[in-house]
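Encoded as structure tokens, the structure appears first; notes follow it.
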Amino acid sequence: MPPKLDPDTTPGVKLLRLFRKLMLDGRRHFQGELAKEFECSPQTIIRMVGEIESVVGVSLESGLDNRRRWYRIATISRSRLGLDFEELRYLSVCRDLAGPILPEQVRRRVDDTIFNLSMLMADQGFTARDKLRNAEFNFFSKGRIDYSSHFGHIELLLKAKEEKQVCRVAYKASGMEAYREHLFAPGHIICMSNALYVLGASVKDSFSEIHHLTNMAIHRILEVAETGRFFFFELPEMELNAFGLPWHEPKTFRIRFTPGKASDYIKERIWADNQKLESLADGGVILELTTRSEPELMAWVRSFGQEAELLPA
């Protein structure tokens with residue numbers, strides 16, 4: 001009898017490893033490649049597959065592809081985690097896209113989670129941490145905000161939103177020398193222009209009524225504290241894909257952009273879900289949209305100089 005290729009591994013361990021690979025990975029696995037991976041003969045693979053088949057029955061599939069024998073467990077084309085390999089890669093892409101605004105603590109957690117999922121799913125394409133550390137997508141931004149020191153604030157705001165608990169927030173508004181304390185009912189956390197904002201409502205001292213709707217830039221929050229008091233009113237629905245942050249009742253505006261770079265820039269992007277674009281004969285374009293952020297829209301229009309004109313309502 002020829003010597004074993006891997007004398008230090010018991011037959012039982014190899015059988016468990018093969019079962020795990022077939023169980024968590026629904027792709028076809030060729031007999032010759034399995035023999036190399038498990039450092040055994042093709043006959044040993046045949047024997048182990050037979051033992052697995054005696055347990056899982058018809059779920060174990062086998063076939064020939066160019067005279068190469070393959071095996072797979074068909075019913076587990078998706079892992080018990082509810083993920084397949086393509087979705088794992090989508091998660092990695094989403095991590096890359098969100099990376100510029102995530103606090104470092106969150107990025108590390110996401111990296112570790114994707115890595116652990118890849119190990120559980122036995123996806124060899126994702127088992128190297130270096131691959132996760134090197135993003136597939138990279139973004140260049142000016143004035144990026146480091147949210148690492150605000151991670152605790154974000155966690156408390158999310159917890160308060162879920163529990164409908166009023167927070168006491170110390171907030172220093174732009175241009176102000178001193179901070180103010182607010183009783184705040186948090187709603188959505190949104191990203192706009194590479195910055196994070198929390199939308200919600202300022203609450204009256206009675207804790208039972210909305211004083212006014214407001215939003216806060218998370219990087220300007222100095223402290224978030226739980227009050228132990230809860231709000232029972234419903235926050236108004238936020239139009240999350242609108243132009244700008246909500247400040248007032250919706251207003252509709254029409255802006256004309258001159259032909260060339262300005263009109264191309266406008267046509268290449270989505271500015272709001274409710275927008276309408278009208279192409280003009282001279283190559284320009286008219287953008288119509290509804291917003292609850294008139295000051296922000298006016299500043300945006302002015303940034304185009306003579307290439308943009310606000311039209312009468």
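The values are calculated or read from the model by the stated rules, or taken from the named source; none is laboratory data. Only a predicted model underlies this, so the values are computations on that prediction, with no experimental measurement involved. Please note: Cβ atoms are built from the backbone with ideal geometry, for glycine as well, and neighbour counts cover all protein chains shown.
Computed values, structure above
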item: Residue list for the range 194-208, filter: modelled with pLDDT of 85 or more and among the aromatic types (Phe, Trp, Tyr); result: Tyr197
item: So Phe140, is it loosely packed, with under 13 Cβ neighbours inside 10 Å and either out of contact with any strand residue (DSSP E or B) (no Cβ under 6 Å at 6 or more places or on another chain) or modelled with pLDDT under 60 (or both); result: yes
item: Qualifying positions in the range 94-122 - at pLDDT 65 or above, over 30 Å from Arg17 (Cβ atoms) and out of contact with any Leu (no Cβ under 8 Å at 6 or more places or on another chain); result: Cys94, Asp96, Ala98, Gly99, Pro100, Leu102, Pro103, Glu104, Gln105, Val106, Arg107
item: Subset of the range 173-187 [touching a Leu at 6+ places or on another chain (Cβ under 6 Å) and either part of a loop (DSSP other than H, G, I, E, B) or free of Cβ contacts under 8 Å to residues at least 12 places away in the same chain (or both)]; result: Tyr179
item: Search result, residues across the range 58-84 that are polar (S, T, N, Q) and modelled with pLDDT under 75; result: Thr75, Ser77, Ser79
item: From the options Gly244, Gly284, residue that is crowded, with 16+ Cβ neighbours inside 10 Å, modelled with pLDDT under 85 and either of a type outside the set (S, T, N, Q) or out of contact with any Pro (no Cβ under 8 Å at 6 or more places or on another chain) (or both); result: Gly244
